[in-house]
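Only one structure is covered here, and it is reproduced in the block below.
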Amino acid sequence: MNKNSFFEAEKRKRKYKKPFELLHVSFTFKFLKPQLFLKDTFKHKGLRQQLVKVLIDKGIKDDAVLSAIGNIPRHLFMDSGFLDHAYQDKAFPIAADQTISQPYTVAFQTELLQVKKESKILEIGTGSGYQAAVLCELGAKVYSIERQQELFKKTSKFLPKLGYRPKKLIFGDGYKGLKEEAPFDGIIVTAGAPFVPKPLLSQLKVGGRLVIPVGDDVQVMTLFIRKGSKEFEKHEFGDFRFVPLLEDKN
Ligand code: SAH
């Protein structure tokens, strides 16, 4: 290649590089913009550690569960009006008249589930995605069903932005479970169930655990452990209050 044709070739390259460079800049802005609002500060981290202490005082013992709660920026799962309350041990409203569960309840249910790395876990009631994030932090393969389309869409977009990647988020009716992915090591229901849906029991592995609050106005936290194809052990753990598990999609 002589000197002139070398310069010609370089010029051509530069000409084609420009539009790509512009494209790159605009992509970067598109991806960065929402991230600007996903801020986690030292103040939030400090408040989170205080919350972890509160949970220890209330009897939560599982270190992996406590450190998951210590890691997850709960304030980012809430509507901006409630930001200052994010690290109180309380439930708060989210979209579609639903709630993000109280951290103690999340910790208590997760502890009962005994999640191990790579456990296959089904959650009923994705809601804000906070419980799903706790399960992801524990290394579980997470499947989660939500019946409210608005929440399903919002949370499906939001979780990956924080780096949480459940195996599948499903818009559907949790009463039916998720037959095509069964059996599960654990199933966790995060809404108050008036009765125990049969499909959830039958989609457990032998040795698997179903954690479900059962009741109408007040729910009894209930753990079923599958002992054989038709044998289940049942344990009860006192009263909790959840929004109701409703049938069908919305
Ligand atoms: N795990 C959620 C808690 C959300 S509250 C969190 O961490 O934020 C309970 C959720 O269960 C609500 O979002 C509600 O819409 C959902 N839900 C109620 N009945 C359901 C059903 N049959 N199937 C799937 N989701 C259901």
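The values are calculated or read from the model by the stated rules, or taken from the named source; none is laboratory data. Keep in mind the model is a prediction, meaning the values are calculated, not measured. No Cβ is skipped: glycine too gets one built from the backbone with ideal geometry, and neighbour counts run over all protein chains shown.
Here are a few things to note about the model shown:
- Residue under evaluation Glu137, criteria (1) more than 12 Å from the ligand (Cβ to nearest atom); (2) more than 23 Å from Asp79 (Cβ to Cβ); (3) surrounded by 18 or more Cβ atoms within 10 Å (Cβ to Cβ), criterion not met: (2)
- Meets criteria (of a type in the set (A, V, I, L, M, F, W, C), closer than 24 Å to Ala91 by Cβ and buried (at least 22 other Cβ atoms within 10 Å of the Cβ)) for Ile187: yes
- For region 142-152, the criterion of being of a type in the set (D, E, K, R) and more than 11 Å from the ligand (Cβ to nearest atom) is met by no residue.
- Taken together, the criteria place Leu112 among residues that are of a type in the set (A, V, I, L, M), surrounded by 18 or more Cβ atoms within 10 Å (Cβ to Cβ), away from the ligand (no atom under 13 Å from the Cβ) and at pLDDT 95 or above.
- Lone qualifier among Ala91, Ala132 - being surrounded by fewer than 22 Cβ atoms within 10 Å (Cβ to Cβ) and within 12 Å of the ligand (Cβ to nearest atom): Ala91
- Matching residues in region 73-88 - criterion: being closer than 17 Å to Thr155 by Cβ and crowded, with 16+ Cβ neighbours inside 10 Å: Pro73, Arg74, His75, Leu76, Phe77, Met78, Phe82, Ala86
- In region 219-250, the residues that are under 25 Å from Phe92 (Cα atoms), free of Cβ contacts under 8 Å to residues at least 40 places away in the same chain and away from the ligand (no atom under 16 Å from the Cβ): Val220, Thr222, Gly238, Asp239
- Among the residues making up region 153-176, those that are more than 9 Å from the ligand (Cβ to nearest atom) and part of a loop (DSSP other than H, G, I, E, B) are Leu162, Gly163, Tyr164, Arg165, Pro166, Lys167.
- Taking the conditions (1) under 11 Å from the mean Cα position of the chain (by Cα); (2) crowded, with 19+ Cβ neighbours inside 10 Å in turn, Ser156 satisfies each one other than (2).
- Matching residues in region 212-250 - criterion: being out of contact with any Asp or Glu (no Cβ under 6 Å at 6 or more places or on another chain), β-branched (Val, Ile, Thr) and part of a strand (DSSP E or B): Ile212, Val214
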